[in-house]
Amino acid sequence: MNVRAYGRTAVLVELESVEEAAALHARLTAPGGPTVPGLVETMPGLRTVLVRFDPAVTDRTRLGQRLREVWSEPVVNSEVADHTGDTVCLRVDYTGPDLDDVARHTGLTPAEVVAAHQARQYRIVLIGLAPGFYFLAGGDPRLRVPRRSSPRVDVPKGAVGLAGELTGIYPRTGPGGWQLIGRVVEDLWHPTRLPAALLTPGTSIRFTAA
């Protein structure tokens, strides 16, 4: 873990992996989790957690020390370790144009790719890239595949893609280079809805066939 200043009232915690960043964010935001004096807000990134603090209560040095303590402490409460709220089940039409390519990359059959994708519980670690684009961690390591060598101009709304260790869900039609294995049936993003994003970072996700 590396903690560095990020303006006058925040620090940026840099972790080794997507999973570590998700775990720290979950620990800091879980009900009954560790106390961090002065903590105002946490914002997850792919391998970072931005922590805003109240300078009237703490400073960067003390906050950084406390965050390192939290990270090194053993988790004795499984609710804190796995806090994600209720798990959301998303229905996927697994007829994506890259499903066969993913099977070739991984040495699995298309049916085994689908089964592996459904077998894990995911966590939304970031919403970005485009408004409403969901980055999810926690997938089967066998499904780690490279991005497409040639991105598509029009990826359909709701498309489920794989790239590296992540699963992504496209919020709307647009360009993209992830390997597409299916499409989520639910509408997860609508610009006129408040909030526009149906799901939030930290949400636990499972996929099932539509």
(message) Cβ-Cβ distance below 6 Å, separation of 6 or more or different chains: which pairs start in the stretch 123-134 with a residue that is closer than 9 Å to PRO171 by Cβ and free of Cβ contacts under 8 Å to residues at least 40 places away in the same chain and end on one that is open to solvent by less than 30 Å² (accessible area, probe 1.4 Å) and not in a strand (DSSP E or B)?
(response) PHE133/PRO171
(request) Kindly indicate whether ALA115 is more than 12 Å from the chain's Cα centre (by Cα), among the aliphatic types (A, V, I, L, M) and either in a strand (DSSP E or B) or farther than 18 Å from PHE207 by Cα (or both). (result) no
(request) Would you mention how many residues in the stretch 30-66 are at pLDDT below 85, surrounded by fewer than 19 Cβ atoms within 10 Å (Cβ to Cβ) and either touching a strand residue (DSSP E or B) at 6+ places or on another chain (Cβ under 7 Å) or among the aromatic types (Phe, Trp, Tyr) (or both)? (result) 1
(request) Scan the stretch 27-40 and report the pairs whose first residue is β-branched (Val, Ile, Thr) and whose second residue is assigned to a loop (DSSP other than H, G, I, E, B), with Cβ atoms within less than 7 Å and a gap of 6+ or a chain change. (result) THR29/GLY202; VAL40/ASP54
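The values are calculated or read from the model by the stated rules, or taken from the named source; none is laboratory data. In this text, all values refer to a predicted model and were calculated from it rather than measured experimentally. Note that each Cβ is placed from the backbone with ideal geometry, even for glycine, and that neighbours are counted across all protein chains shown. Heads up: the accessible areas ignore ligands, DNA and RNA and are worked out on the full protein's heavy atoms, side chains in. Shrake-Rupley method; radii C 1.70, N 1.55, O 1.52, S 1.80 Å.
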